[in-house]
Amino acid sequence: MTEILSPESEPPPPPPAPPTIAGPAWFFDRGPSLIRYVLRMWPTTLLPSLTLVMIASAIFAGLGLDVSKPGPSMEDFGSASPGAVFLLVIVIAPIIETLMLSFGIFVISLFTKRPLVIAVISAIIWGGMHAAAFAIQGIAATWSFFVFTCAYLAWRPVGWIHAYVVAMGIHMLQNLLPGLAILFVGQSPA
């Protein structure tokens, strides 16, 4: 026989999950863990960035523009040791840039609360800042910072530190390939 539970004997409902962000699920669905989200978003930023670098390089070369230096090289860091440059590219730059990113997101969100609009504006700003040094790197950075911003916004309802760590973690992984290229080849691909 099936026992009918009275309202007093039903288990309490589970606590509510932190709110989610409206937007493309791939970017804004936090999934089961912070680490899995970071590892999911790393190829989401890296592979399109590399594709954009190849396309932009081909277009620039077709237009007769110089593509010999798509990103930073060892010469750009003066007399710094390769280890110091690697540390700067992989650790220090993402720490500082992600802090700046979080402030920029705060400022943009004063004017709009739409996450995709915030991400696009942020990406254009960061792409422009990177393009000021290396045009091709700016094109790749535009996509990367779109992803970093979406990641930050996805995790911000959980807490600022979570949002910061997620965006910074993806950023560090994104910078791993250029950092290794500078370290071993002397030139970043973008």
### Task
On a 0 to 90° scale, report how tilted helix 135-155 is relative to the longest principal axis of the chain, with both axes built from alpha carbons and the result rounded to the nearest 10.
10 degrees
## Note on the structure
From DSSP H assignment alone, runs of 4+ in the chain each adding -39500 (n - 2.57), the sum over residues rounded to the nearest 500 puts [θ] at 222 nm at -21000 deg cm²/dmol
### Task
Assign one of three labels to the range 24-124, namely rounded, prolate or oblate, based on the Cα gyration tensor with a ≥ b ≥ c the square roots of its eigenvalues; rounded applies when a/c is under 1.5, prolate when it is not and a/b is larger than b/c, and oblate otherwise.
prolate
## Note on the structure
Rounded to the nearest 10, the angle in degrees between the Cα long axis of helix 93-109 and the longest principal axis of the Cα atoms of the chain comes to 60 degrees
### Query
Roughly how tilted is helix 34-62, in degrees to the nearest 10 and between 0 and 90, from the longest Cα axis of the chain?
30 degrees
## Note on the structure
Per the charge dipole of the range 15-110 (beta-carbon charges, Lys/Arg positive, Asp/Glu negative, Cα centre), the residue among I96, G31, T45 reaching farthest to the positive end is G31
### Query
Given H placed on each backbone N at 1.01 Å, which residues far from A80 in sequence or on other chains put an amide H within less than 5 Å of it?
none
### Message
Quick check on the chain: take the gyration tensor over C-alpha atoms, sort the square-rooted eigenvalues as a ≥ b ≥ c, and tell me if it's rounded (a/c under 1.5), prolate or oblate.
### Response
prolate
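Where a number appears in this text, it was derived from the coordinates with a stated rule and is not lab data. Note that the structure is predicted; figures quoted are calculated from it, not measured. Every residue, glycine among them, receives a Cβ derived from its backbone with ideal geometry; neighbour counts consider all protein chains shown.
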